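The values are calculated or read from the model by the stated rules, or taken from the named source; none is laboratory data. Keep in mind that what you see is a predicted model, and the values were worked out from it rather than measured. Positions of Cβ are backbone-derived with ideal geometry, glycine not excepted, and every protein chain shown enters the neighbour counts.
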Amino acid sequence: MPKRISEQELDAILTAVAAHPEGVQVGAIRERLPYELPPRTLQRRLALLVEQKWLIAEGQRKGRRYRVPVPVTGIGSSVTGSAIAEARGEVYVPLSPEAEAVRQEIRAPIHQRQPAGYQRAFLDDYRRNVTYYLPAETRQRLLDMGRPPHGERPAGTYARTIYSRLLIDLSWNSSRLEGNTYSLLETERLLELGEAAEGKDGREAQMILNHKAAIELLVDQADEVGFNRFTILNLHALLADNLLGDPQAGGRLRRIPVGIADTVYHPLELPQLIEECFEKILDTAAAITDPFEQAFFALVHFSYLQGFEDVNKRVSRLAANIPLIRDNLCPLSFVDVPERAYIDGVLAIYELNRVELLRDVFVWAYERSSARYSAVRQSLGEPDPFRLRYRALVAEVVAAVVRTGMGKQAATALARQRAAEQVSPADQARFVEVVETEIMGLHEGNIARYRLRPTEYQAWRQGWR
């Protein structure tokens, strides 16, 4: 694979060029760089920036000059992060002044940023239900937009209503934030049909399928999962399946030092301290009463601790959904979140212990998710209470019919048997009808909801009579 070019390196070049709105030659760019860069390497970087339309090149040979494609406002000899983002055509989220200041600091060249270790006080100083990363008005606003119009329902009802869409959105967006190159349609095909995209790294497909398994855990066991060792360790095991060098490291707290690329942050190394902080994060998160504060606390601290050998940010993103799914609020799928904005927010946590930037990303992302799933829910209509009540049992019967290759008579007999054993007498006839309807409506595009593989479905369909 080609060597990945550092974002900080490209930003430094762009900053040097942006300081000269009228254009600047290569020699002057090299002089303004905060580090030594070989002439041929600089030429390649400039060619890349021109190709991706972050810079404009004018003139030939020695007279060639570079400039940004839009005017930028300078501050002294540098430009603001917003101006650089605009010049690069970079998509970002709207930021508060506090978050913009944090972004300016975190976008400095890496050699100018102060090395930072894990600060235990960042966790210890947080007082559950006294300290709030999210202001009260923000939490209320998120509640108003994320709460469905109907009353109390069993845990996970909202997520199950939009499950097919949520499964694809969250799997794709969380993987995308890790640099996964699958498109949304390729992700949908992988999850629904089990077909990996041609020419893609097998690890990318594995990452997406792992998200599917982890989301299923959160939704199917919504009334049982929480901020406890079982949930978080198993979330990691599912998300890390077949992706770690040491297979035993899945679902196990880290016992070795780790480094993180493109940051001056150095996580904890001693296993006993990692264990202590992990337990305190769990205890603190479990005691937070507001679901949005709970979600954001998890997003911040599971990522900051780096308690596992890898896959920590993925764990934090899915853990943030635990209180939302449990309380039947709109889930957070990170739809449309710019990768650069998310990375900057996480780096600000790592290096500065500042939450403002990631908070703005979190709030913006939740607004996008709420709007998306409100529209999805309206298009689906209100869920059938009967189907919700017997959802798990219906799925169990349908899956058993397919996996054992049953025909129509055997399928009906099994549905009647389970109804007699586990369904109230008044509901038994309707239960059998629902099972038969679900079986008749099976096709390649909906078998994922029953955890069926395409091969199982095809084998069953050939003998269905």
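Take GLU224 and tell me if it is surrounded by fewer than 18 Cβ atoms within 10 Å (Cβ to Cβ) and not in a helix (DSSP H, G or I). So GLU224 passes the test.
Kindly indicate whether THR289 is at pLDDT 95 or above and either farther than 19 Å from THR131 by Cα or surrounded by fewer than 20 Cβ atoms within 10 Å (Cβ to Cβ) (or both). Write out each step before concluding.
Values: at pLDDT 95 or above: yes; either farther than 19 Å from THR131 by Cα or surrounded by fewer than 20 Cβ atoms within 10 Å (Cβ to Cβ) (or both): yes.
Yes.
When ALA411, ALA392, ALA448, ALA419 are checked against the criterion of being surrounded by 19 or more Cβ atoms within 10 Å (Cβ to Cβ) and touching a residue at least 60 places away in the same chain (Cβ under 8 Å), a single residue qualifies: ALA448.
One line per residue, one yes/no per condition, for (1) modelled with pLDDT of 80 or more; (2) outside any loop (DSSP other than H, G, I, E, B); (3) on the phi > 0 side of the Ramachandran plot; (4) β-branched (Val, Ile, Thr):
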{"position": "LEU48", "(1), (2), (3), (4)": "yes, yes, no, no"}
{"position": "PRO69", "(1), (2), (3), (4)": "no, no, no, no"}
{"position": "ILE84", "(1), (2), (3), (4)": "no, yes, no, yes"}
{"position": "ALA87", "(1), (2), (3), (4)": "no, yes, no, no"}
{"position": "GLU90", "(1), (2), (3), (4)": "no, no, no, no"}
{"position": "PRO94", "(1), (2), (3), (4)": "yes, no, no, no"}
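For region 176-212, the set of residues classified as surrounded by fewer than 16 Cβ atoms within 10 Å (Cβ to Cβ) and in contact with a helix residue (DSSP H, G or I) (Cβ under 6 Å, 6 or more places away or on another chain) consists of LEU184, LEU193, GLU195, listed by residue number.
Restricting attention to helices (runs of 4 or more DSSP H) lying wholly within region 342-451, give those where 1 or more residues are β-branched (Val, Ile, Thr) and in the same structural domain as ILE215 (by TED's automatic domain parsing). Give the steps one after another, and end with the answer.
Details: elements: 356-380, 385-389, 391-403, 408-422, 428-440.
In region 342-451, the matching helices (runs of 4 or more DSSP H) lie at 356-380.
Every residue, every condition in (1) surrounded by fewer than 24 Cβ atoms within 10 Å (Cβ to Cβ); (2) under 14 Å from the mean Cα position of the chain (by Cα); (3) under 20 Å from THR263 (Cβ atoms), yes or no:
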| site | (1), (2), (3) |
| --- | --- |
| GLU309 | yes, no, yes |
| LEU332 | no, yes, no |
| GLY345 | no, yes, yes |
| GLU367 | yes, no, no |
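Give the residue that is modelled with the lowest pLDDT, with candidates limited to residues of region 148-177 that are in a helix (DSSP H, G or I) and among the basic types (Lys, Arg). Steps first, please.
Narrowing region 148-177 to residues in a helix (DSSP H, G or I): 157-161, 163-176.
Narrowing further to those that are among the basic types (Lys, Arg): 160, 165, 176.
Details: ARG160: 79, ARG165: 86, ARG176: 93.
Result: ARG160.
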